[in-house]
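The values are calculated or read from the model by the stated rules, or taken from the named source; none is laboratory data. Every value quoted in this text rests on a predicted model; they were computed, and no experiment measured them. Here the Cβ positions follow ideal geometry from the backbone for every residue, glycine too, while neighbour counts run over all protein chains shown. Keep in mind that these areas ignore ligands, DNA and RNA; they rest on the heavy atoms of the full protein, side chains included. Shrake-Rupley method; radii C 1.70, N 1.55, O 1.52, S 1.80 Å.
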Amino acid sequence: MSREHSYQTVVTWTGNKGTGTSGYRDFGREHELSAEGPPVIAGSSDPAFRGDPARWNPEQLLVGSLSQCHMLWYLHKCAMAGVIVTEYTDTATGTMAETADGGHFTEVVLHPAVTVAAQEMAETALALHADAHKSCFIAASVNFPVRHEPTVRVAG
């Protein structure tokens, strides 16, 4: 059964310093990302591209989306397999290469650190990362490798 889902966001530029885009250094990269329901995300470009380091940039949001998608599928897979996860943290990293035409991501590496309730769950918990990766909608939508380097520890 095939279903289609639609997502709508609004990006509003807030970086007009009074003269619009009259020059490369004359405008801010600040903007807001919004959607019906959740709070507004304050965005900018990467500081390397004259952005505000106190705001989220699109590259961080892409890495974060991959990390979130993997985690949500992983927790689902664990629940279905009887693996009790008590903690989950992922310090994801993304690498982007600049080119003459702009740039592109070369890879994202997820580093999920998972705590499970019992030793007999650890091996399955580790293996389920591959299943979660296969199911992740976001990872299936990008044209660069998304790898995962998980660690699993037992509570207690």
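A few remarks follow.
- 1.4 Å probe accessible area per residue over region 89-156, in Å²: 58
- Set against the labelled values [x] 37; [y] 42; [z] 28, percent of Cα pairs over 26 Å apart computed from this structure falls on [y].
- Rounded accessible area of Glu30 (nearest 10 Å², 1.4 Å probe): 50
- Each residue was assigned an accessible area with a 1.4 Å probe, and for Arg153 the value is about 130 Å².
- Along region 39-46 the Karplus relation, 6.51 cos²θ - 1.76 cosθ + 1.60 evaluated at θ = phi - 60°, assigns HN-Hα couplings of x, 5, 9, 7, x, 7, 8, 4 Hz to successive residues, with x for each Gly and Pro.
- Under the convention that each Lys and Arg Cβ holds +1 and each Asp and Glu Cβ holds -1, the size of the dipole of region 58-154 around its Cα centre is about 240 debye.
- Database remark: amide H of Met96 closer than 5 angstrom to the amide H of Thr106 (H placed geometrically; neighbours at sequence offset of 5 or more, or on other chains; Pro and chain starts carry no H).
- Taking the DSSP beta bridges with both ends in the chain, the antiparallel portion is around 70 percent.
- Scalar couplings 3J(HN,Hα) for region 14-26, obtained by applying the Karplus form with A = 6.51, B = -1.76, C = 1.60 to θ = phi - 60°, are 10, x, 6, 8, x, 10, x, 9, 5, x, 4, 9, 9 Hz; x denotes Gly and Pro.
- Put simply, when 13-21, 90-98 are sorted by average Cβ atoms within 10 angstrom per residue, most first, you get 90-98, 13-21.
- Taking the accessible area of region 58-154, probe 1.4 Å, and keeping the other protein chains in place, the carbon and sulfur fraction comes to 56%.
- Note that region 72-77 has calculated 3J(HN,Hα) couplings of 5, 5, 4, 4, 4, 4 Hz, one per residue in order, obtained from phi through the Karplus relation 6.51 cos²θ - 1.76 cosθ + 1.60 (θ = phi - 60°); glycine and proline are x.
- Here is the short version for the chain: Cys78 have no other Cys C-beta closer than 4.7 Å.
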